[in-house]
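Everything on this sheet refers to the single structure shown next.
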Amino acid sequence: MSSASTATASTATPPASALADVTASDASLRRYLHGLPGVDAVGLEARAAALGTRSIKTTAKAYALDLAISMIDLTTLEGADTAGKVRSLCAKGANPDPGDRTTPPVAAICVYSDMVATAKQALAAGGGAGIKVASVATAFPSGRAALSVKLADTREAVAAGADEIDMVIDRGAFLAGAYGKVFEEIQAVKDACARPGGGEPAHLKVIFENGELSTYDNIRRASWLAMLAGADFIKTSTGKVAVNATLPNTLLMLEAVRDFRAATGTQIGVKPAGGIRTAKDAIRYLVVVNETAGPDWLHPDWFRFGASSLLNDLLMQRQKLSTGRYSGPDYVTVD
């Protein structure tokens with residue numbers, strides 16, 4: 001067994017041909033999810049802690065800082081969001097450091113569905129045409145609404161131009177063991193990501209809200225459930241609860257996507273969100289990605305940070321590495 005899998009054993013995944021049988025009924029889905037190996041919590045946390053202490057050299061740090069910037073879903077999800085705030089966020093995402101044009105843009109701007117059109121227009125006008133617009137949907141952050149409401153929410157965002165949809169699962173249904181219901185909702189939202197009139201559908205990120213799932217075993221089950229249902233990304237959290245992304249729960253999800261690709265040939269992305277505020281935090285996560293899933297995931301197509309304040313610290317550390325000093329307090333914007 002490789003060192004990347006010593007903390008928690010690779011899941012006993014069936015071959016791709018057998019996965020259709022896994023999802024054939026609620027009973028078969030339950031049997032499969034509850035048949036996954038139990039998570040060694042002590043081993044998982046020890047491995048995450050060990051990886052979190054790794055140091056990297058200056059040249060690698062410069063690369064890591066730029067990579068982390070390019071992986072950010074720069075986010076504003078507040079009731080007080082205005083069109084002006086979203087435009088400012090888009091300008092910052094497209095050109096994070098006006099004093100250094102070598103700074104990469106962020107991966108995406110993440111907003112509520114009613115701000116999608118504003119974000120698309122601002123990015124197109126401000127040189128950020130390559131930046132994705134992600135929209136939360138499906139009664140974010142609770143996920144408590146009728147399926148018809150969730151689908152309407154999703155279709156509205158896609159029609160407005162959203163490139164990505166960040167949905168939330170119904171944690172109550174999941175914790176009650178109604179896996180079939182959660183599976184079918186993810187599939188239905190995936191279908192609602194289709195673009196009106198054709199074209200590439202919006203990519204679907206599925207948020208678990210790990211802080212409410214209570215156990216590592218539940219996080220592993222949710223990961224496999226979402227991937228089997230068609231998720232393009234699996235995401236830790238909404239950023240709206242006390243416990244958001246952590247290194248151990250992200251490591252566990254990275255193991256899941258690694259094992260899913262081994263079983264099916266399909267690569268799924270991972271997005272930790274909430275509580276990642278410093279460059280040091282981000283680099284720890286990148287080390288965990290490399291050592292767990294492997295270098296194929298070290299790309300914005302396969303790994304994202306859901307964050308609002310992280311970008312500022314990455315910019316400050318980038319400047320310190322380049323010039324040997326920090327600038328004054330006006331160097332970065334206040335989120």
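Since every read-out is calculated from the coordinates, none of them should be taken as a lab result. On a predicted model such as this, the values are computed, not experimentally measured, just so you know. Please note: Cβ atoms are built from the backbone with ideal geometry, for glycine as well, and neighbour counts cover all protein chains shown.
Of THR215, THR246, THR59, the sequence from fewest to most neighbouring Cβ atoms within 10 angstrom is THR59, THR215, THR246.
For the chain, the average shadow cast by the Cα convex hull is 16.8 nm², which is a quarter of the hull's surface.
Contact order for the stretch 21-322, expressed relative to its length and based on alpha carbon pairs under 8 Å spaced 6+ residues apart, stands at 19 percent. Largest mean-square fluctuation among VAL106, VAL243, VAL133, in a Gaussian network model of the chain whose springs join Cα atoms under 10 Å apart, belongs to VAL243.
A cut-off of 5 Å between modelled amide H atoms, ignoring neighbours fewer than 5 places along the same chain, links GLY306 with ASP73, ALA273, GLY274. Charge dipole of the chain (Cα centre as origin; +1 on each Lys and Arg Cβ, -1 on each Asp and Glu Cβ, all else neutral): 580 debye, rounded to the nearest 20. In terms of surrounding Cβ atoms within a 10 Å radius of their Cβ, ILE69, ILE186 rank from fewest to most as ILE186, ILE69.
Computed over neighbours whose Cβ is under 13 Å from that of ARG171, the net charge equals 0, Lys and Arg +1, Asp and Glu -1.
Spatially, the stretch 81-127 and the stretch 190-204 are offset by 22 Å when compared through their Cα centroids.
Taking each of LYS132/LYS235; LYS92/LYS120; LYS150/LYS181; LYS92/LYS150; LYS240/LYS271; LYS150/LYS190 in turn, the alpha-carbon distance tops 19 angstrom for LYS92/LYS150. Protection proxy ranking for 46-53, 233-240, 272-279, using the average of other Cβ atoms within 10 Å per residue and placing the highest first: 233-240, 272-279, 46-53.
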